[in-house]
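Shown next, in structure tokens, is the structure this report addresses.
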Amino acid sequence: MIILLLLLLTGILPLNLVEKISDVLLTHLTFLFLPTVVGIITVAHLLGDNLIWLMLILGASLVVVMVTTGLTVQWLVRKREGKEG
Amino acid sequence: MLDYINTPIFGVGVSILAFTISSYIARRTKIMLLNPLLVAMLIIVGILMIFDIDYQTYNLGGQMITFFLGPATVVLAVPLYKQRALLRGNLIPILVGIVVGSAAGILFVVLAGKILGLDRLLIASLVPRSTTTPIAMEISTLLDGNPALTAIFVSVMGISGYMFGEKLLKLFGVVHPIAKGIGIGTTSHAVGTAKAMELGEVEGAMSSLAIGVAGIVTVMMVPGVLWLLNII
């Protein structure tokens, strides 16, 4: 991903060469994860007795990370935009 | 009929069929819990169980779909490139947000795990849950965790972020597209990014960016996390 970004930024690779294929792949991105997600059932037994605690921690950490990240970025972006506007 | 099951046609076919049905259900009902990825997974798991087909057989075709995740990850650079002006203008807010969010998440899982009395192995395996799978498994090894467990946690974070991320951000008043994208990517890596792509071009690009940055930031926190795991 980083190499492709550098190639695009330096102009070595013109955008129109990759734009079509990238649209196709990214439109179906969700579908591409399906077999991997189905694969979780094959290792689910590793979770054992702690399943409920682990799911609780994961769920709560989802809220913690998403909200702190989102609010921090929003606050700083708005502060910057406020200064300019 | 039975002969087809042992060929890749089965895995590919059943995946397309399940995803078509689940997408149709999602479009018709618009119920958040019935998201296409989750419903398609349940359909496939159901089919495998009813007909007593093992995962390896399904995965003959499944791995052909998974293969395209590689190139799909690479072309995440394209939306990012298109949004480069926005990235350049907001570099500091984006970086600070990812560092703060990643650190808050790691502190939370270590402390919560300790309070709930989980093994060090489980806690260490939880730490990299928000990064993309290859990076997460590497970090898990560095922390003496279990990479297979970490891979499960990574998937759970991805799917739950895909399902609830949008609602969660709205609930807490995060409405700026840059903030939404970075929040989703930092929390739920590439699976979340699939949702961010659905929300909009800016959200998708920012989420793609956050996958890589959150991974690097988390790797850099490894020495600190090791110290934390040892003192508590």
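How many residues are of a type in the set (A, V, I, L, M), under 15 Å from B:ARG84 (Cβ atoms) and either out of contact with any Pro (no Cβ under 9 Å at 6 or more places or on another chain) or not in a helix (DSSP H, G or I) (or both) when one looks only at segment A:1-17?
9
Restricting attention to helices (runs of 4 or more DSSP H) lying wholly within segment B:1-55, give those where 1 or more residues are touching a residue at least 60 places away in the same chain (Cβ under 8 Å), at the interface with chain A (Cβ under 9 Å from one of its Cβ atoms) and within 24 Å of B:GLY192 (Cα to Cα).
Per the criteria, B:36-50.
Exactly one of these conditions fails for B:ALA72: (1) assigned by TED's automatic domain parsing to the domain that holds B:GLY161; (2) within 23 Å of A:LEU7 (Cβ to Cβ). Give me its number.
The one condition B:ALA72 does not meet is (1).
Looking at A:LEU26, A:LEU13, A:LEU71, can you tell me which residue is among the hydrophobic types (A, V, I, L, M, F, W, C) and over 20 Å from the mean Cα position of the chain (by Cα)?
Result of the check over A:LEU26, A:LEU13, A:LEU71: A:LEU13.
Tell me, please, whether a residue that is of a type outside the set (Val, Ile, Thr) and farther than 21 Å from A:VAL24 by Cβ can be found in segment B:60-76.
yes
Where the second residue is in a helix (DSSP H, G or I) and among the basic types (Lys, Arg) and the first is facing chain B (nearest Cβ under 10 Å) and surrounded by 13 or more Cβ atoms within 10 Å (Cβ to Cβ) and lies in segment A:3-28, which pairs have Cβ atoms under 8 Å and are six or more apart or on separate chains?
These pairs meet every condition: A:LEU9/B:ARG84.
Just to be sure I understand, how many residues within segment B:193-209 are facing chain A (nearest Cβ under 9 Å) and either under 15 Å from B:PRO93 (Cα atoms) or within 11 Å of the chain's Cα centre (by Cα) (or both)?
Of the residues in segment B:193-209, 4 are facing chain A (nearest Cβ under 9 Å) and either under 15 Å from B:PRO93 (Cα atoms) or within 11 Å of the chain's Cα centre (by Cα) (or both).
Which residue, of B:ILE123, B:ILE152, is modelled with pLDDT of 95 or more, out of contact with any Cys (no Cβ under 8 Å at 6 or more places or on another chain) and under 17 Å from A:TRP53 (Cα atoms)?
B:ILE123
The values are calculated or read from the model by the stated rules, or taken from the named source; none is laboratory data. Model, not experiment: these values are computed from the prediction. Note that each Cβ is placed from the backbone with ideal geometry, even for glycine, and that neighbours are counted across all protein chains shown.
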